Amino acid sequence: MRRTATVSTALITVCCLAPLTACTGGGDESSPKPSAQTVLKLSQSADTAGAGGDGTMRITPDTVLYLRSTSNSTPEHDLYAIVTFSAENRSRRPVTATTKTGGFRWKAADGHIVRAGNSKSAARIAPTGFADGGPTVAGGTFRRDTVAFDITHAEKGGTLLYVDGNGDAHRWQLPATSSGRAVSALKLALT
């Protein structure tokens, strides 16, 4: 009986203290705070807060394309990572995404984070047919757009972060190879 009580006490201690230990690690305070949500995959949606915490916007990245150059530019680093996404507003009133105010970021496996449009040439990437408006989306509609990052080869297959209007970071693990439903059309629009 005594041995059973000792084993039970040890198990309870391990089960209760393990989550506390995992949460006490230090980190870079300038990085977005991870939300309690799981890391999503390409084409999975996240319901995010609009700019200033006003309204809800459903963000869905669906394609990532890696290019060494476009028809009119070359990256400052090794290559471009271009991500297509949709921003959907299911409410009746307009909601503004944080896409134009630094909402999208690329996090490499080593922890290095860059914002979308992190070089002059990446900031100018706007493939024809993939952008249909600004960050404000009318009620009951959606917009398609792209974000581009200037990254190194080692940073391929990173985590796409979207920091919403409440400061929550939504995350998608992206493949290290060009993937998604619009790869061919996006490549054709850029090369």
Item to check | Residues with amide H under 5 Å from that of Gly158, placed H, sequence gap 5 or more | outcome: Leu174
Checklist outcome for this item: Surpassing 18 Å at the alpha-carbon level, of the pairs Lys120/Lys187; Lys107/Lys156; Lys41/Lys156, are Lys120/Lys187
Checklist outcome for this item: Note on the stretch 101-191: contact order normalised by length, alpha-carbon pairs under 8 Å, 6 or more apart, percent, works out to 31 percent
Item to check | List Glu88, Glu76, Glu155, ordered by accessible area with a 1.4 Å probe, largest first | outcome: Glu76, Glu88, Glu155
Checklist entry - Gln173 versus Ala185, label points 7 Å from Cα toward the beta carbon: distance in nm? => result 2.8 nm
Next on the checklist: 5 Å is the cut-off here: which amide hydrogens, built 1.01 Å from N in the peptide plane, fall below it relative to Thr141, excluding neighbours closer than 5 in sequence?
Outcome noted: Asn89
Item to check | Percent breakdown of C-alpha pair distances by 10 Å bin, ordered from the shortest bin, for the stretch 66-159 | outcome: 16, 44, 28, 11, 1
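The values are calculated or read from the model by the stated rules, or taken from the named source; none is laboratory data. If you're wondering where the values come from, they're calculated on a predicted model, not measured in any experiment. Because the Cβ atoms are built from the backbone with ideal geometry, glycine has one as well, and the counts that use them run over all protein chains shown. Protein only, heavy atoms only, side chains kept; ligands, DNA and RNA dropped before computing areas. Shrake-Rupley method; radii C 1.70, N 1.55, O 1.52, S 1.80 Å.
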